[in-house]
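Single-structure report; data block below.
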Amino acid sequence: SVDSIAAILSVEQELSTMLGEIKACAQLLSRRDDSQLWILLQEDSMRYYLPIASQPIRSRALTAAIKSLAKEIFSLGVRINALQVQPLVEQFDATTWKSVKENLKAYALKFKPQTSASVAKLIRALLEVPQIPLAGMVIPIGIGFPESNL
């Protein structure tokens, strides 16, 4: 259908743009020793409960692209990883969070939205680890992930 083709072309364009940006950043970082590049991805399994812009095919394509590119860039001394972040407190007003609270109990019994400040502190802590032993990883950030935990 026309809608399907438009969606595929949109994902292709977005993926190409993102990969170009990551490549440019990695090239700049390759001039230094022990560089890290962290990509933030929106965790999208909550699209059924919250009004987040989500396309599962887009999320999977971005994840695969990051993992693939990380393998190529690692030889240049750049570690690329991603944080797959659940919706943050600041993304929705109190009324929205309250309206989905009961449904989220079914999603993940321990789910609790985190603040952007707490995620920023985590990113800062990760960046401060010299020769971080991670490359090509997609780390889930949040409480109550339904599919994976560290």
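Across the range 66-86, the qualifying residues are those that are more than 12 Å from the chain's Cα centre (by Cα) and small (Gly, Ala, Ser), and the one among them that is nearest to Ser45 (Cα to Cα) is Ser68.
For the condition of a type in the set (Ser, Thr, Tyr), under 20 Å from Leu28 (Cβ atoms) and either touching a residue at least 12 places away in the same chain (Cβ under 8 Å) or open to solvent by 40 Å² or more (accessible area, probe 1.4 Å) (or both), Ser75 qualifies.
Counting the residues of the range 84-103 that are open to solvent by less than 30 Å² (accessible area, probe 1.4 Å) and more than 27 Å from Ile39 (Cα to Cα) gives 1. Of the residues making up the range 42-67, those that are surrounded by fewer than 18 Cβ atoms within 10 Å (Cβ to Cβ) and within 26 Å of Val129 (Cβ to Cβ) are Thr63, Ala64, Ala65, Lys67. Residues considered: Glu21, Glu43. Of these, the only one that is at pLDDT 80 or above and within 22 Å of Lys121 (Cα to Cα) is Glu43. When the range 73-106 is filtered for residues that are under 20 Å from Gly20 (Cβ atoms) and assigned to a helix (DSSP H, G or I), the ones remaining, listed by number, are Ile73, Phe74, Ser75, Leu76. Suppose the filter is open to solvent by 30 Å² or more (accessible area, probe 1.4 Å), of a type in the set (Gly, Ala, Ser) and at pLDDT 80 or above; does Gly142 pass it? Against the criterion (open to solvent by 30 Å² or more (accessible area, probe 1.4 Å), of a type in the set (Gly, Ala, Ser) and at pLDDT 80 or above), Gly142 qualifies. The residues listed here are Ala117, Ala70; of these, the one that is part of a helix (DSSP H, G or I), within 28 Å of Ala135 (Cα to Cα), open to solvent by 50 Å² or more (accessible area, probe 1.4 Å) and of a type in the set (A, V, I, L, M) is Ala117. For the range 9-30, indicate whether the set of residues that are over 30 Å from Thr96 (Cβ atoms), part of a loop (DSSP other than H, G, I, E, B) and either touching a strand residue (DSSP E or B) at 6+ places or on another chain (Cβ under 7 Å) or open to solvent by less than 60 Å² (accessible area, probe 1.4 Å) (or both) is non-empty. Taking every residue of the range 9-30 in turn, at least one turns out to be over 30 Å from Thr96 (Cβ atoms), part of a loop (DSSP other than H, G, I, E, B) and either touching a strand residue (DSSP E or B) at 6+ places or on another chain (Cβ under 7 Å) or open to solvent by less than 60 Å² (accessible area, probe 1.4 Å) (or both).
The values are calculated or read from the model by the stated rules, or taken from the named source; none is laboratory data. Predicted, not measured: the structure shown is a model, and the values here were computed from it. Here the Cβ is made from the backbone with ideal geometry for all residues, glycine too, and neighbour counts use every protein chain on show. We work out accessible area using only protein heavy atoms, side chains counted, and drop any ligands, DNA or RNA first. Shrake-Rupley method; radii C 1.70, N 1.55, O 1.52, S 1.80 Å.
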